[in-house]
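Novice: The structure is given below, and queries will be raised subsequently.
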């Protein structure tokens, strides 16, 4: 495989993405390549704590948690012409049929994005719309700067939002009985 020679104004699909090196971190947003910069240390600390809490809860239960890089094809097509492929920070997949050797083929049940100044607009607007349209049942936007979490729960095809801060425990609606200790998530 080779590093892609990206052309300006080009339209890319999942077929193109499969030809690129595995270490080339990018997402496809409606056919446009969006580069993924290396995350900050605080991002990785938050990600690790969330994965640990979710992983401990899921031990022995139905469902699997995955951390980025892990490809998600929200709107899979059999002809590999998908033009939107995300690498969410964390995904939980309860339907094992959605897993294949390339990642998740369909909407995960639960997605977490940890925002940074460079990704905030995509995560709060573009990805929010895509996740809602795809039927992601729960979407969290974690903000390290404000030490807060905005939770979006899908109800009748639309997201209902609830906010939590670092002094609270946030319940995960798609994983009954799981509450994420946000004080541990945002610990310094």
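Novice: Which one, 111, 92, 172, has the greatest fluctuation when you compute a Gaussian network model over the chain with C-alpha springs under 10 angstrom?
Specialist: Judging by the Gaussian network model, the answer is 172.
Novice: Using Cα atoms only, what is the angle between the long axis of helix 41-58 and the major principal axis of the chain, expressed in degrees (0 to 90) to the nearest 10?
Specialist: The angle comes out at about 70 degrees.
Novice: Regarding the stretch 32-125, what whole-number volume in Å³ per residue does the convex hull of its Cα atoms give? Mind showing how you got there, number by number?
Specialist: Details: hull volume 10.0 nm³, N = 94.
Cα-based convex hull of the stretch 32-125, divided per residue, equals 106 Å³.
Novice: Per DSSP H run of at least 4 residues, take -39500 (n - 2.57); add these up for the chain, divide by its residues and hand me the 222 nm value, nearest 500 deg cm²/dmol. Could you put the intermediate results ahead of the total?
Specialist: On the way: 4 runs with 34 residues, N = 188.
Calculated mean residue ellipticity at 222 nm is -5000 deg cm²/dmol.
Novice: Separation between the residue 52 and residue 75 pseudo-spin-labels, each 7 Å from Cα along Cα→Cβ, expressed in nm?
Specialist: 3.9 nm
Novice: Related question: Which semi-axis lengths, in whole Å and largest first, follow from the square roots of five times the eigenvalues of the Cα gyration tensor of the stretch 73-153? Could you put the intermediate results ahead of the total?
Specialist: Values: eigenvalues 107, 36, 23 Å².
Output for the stretch 73-153: semi-axes of 23, 13, 11 Å.
Novice: Using only the Cα atoms of the chain, what do you get for the radius of gyration and for Dmax, in Å?
Specialist: Both quantities, over Cα of the chain: 16.3, 48 Å.
Novice: Expected output is a single nm value to one decimal: the length gained when fully extending between residue 176 and residue 124, i.e. 0.36 nm times separation in residues minus the C-alpha distance. What is it? Kindly include the intermediate steps, with their values, before the conclusion.
Specialist: Numbers: separation 52, 0.36 × 52 = 18.72 nm, distance 2.53 nm.
That pair, residue 176 and residue 124, stretches by 16.2 nm at full extension.
Novice: Here's a follow-up. Could you work out which residue, out of 109, 16, 89, moves most in a Gaussian network model of the chain, that is, has the largest mean-square fluctuation with Cα springs under 10 Å?
Specialist: Looking only at 109, 16, 89, the largest GNM fluctuation is found for 16.
Novice: Once fully extended, how much extra length lies between residue 161 and residue 94, figured as 0.36 nm per residue of separation less the alpha-carbon to alpha-carbon distance? Intermediate results must be reported in sequence, preceding the final value.
Specialist: On the way: separation 67, 0.36 × 67 = 24.12 nm, distance 2.22 nm.
Length gained, residue 161 through residue 94: 21.9 nm.
Novice: Between residue 35 and residue 21, 0.36 nm times their residue separation minus their Cα-Cα distance comes to what?
Specialist: Here the segment from residue 35 to residue 21 would lengthen by 3.7 nm.
Coordinate-derived values only; no laboratory data. Quick caveat: nothing in here was measured; it's all calculated off a predicted structure. With ideal geometry, Cβ positions are generated from the backbone for all residues, glycine too; neighbour counts draw on all protein chains shown.
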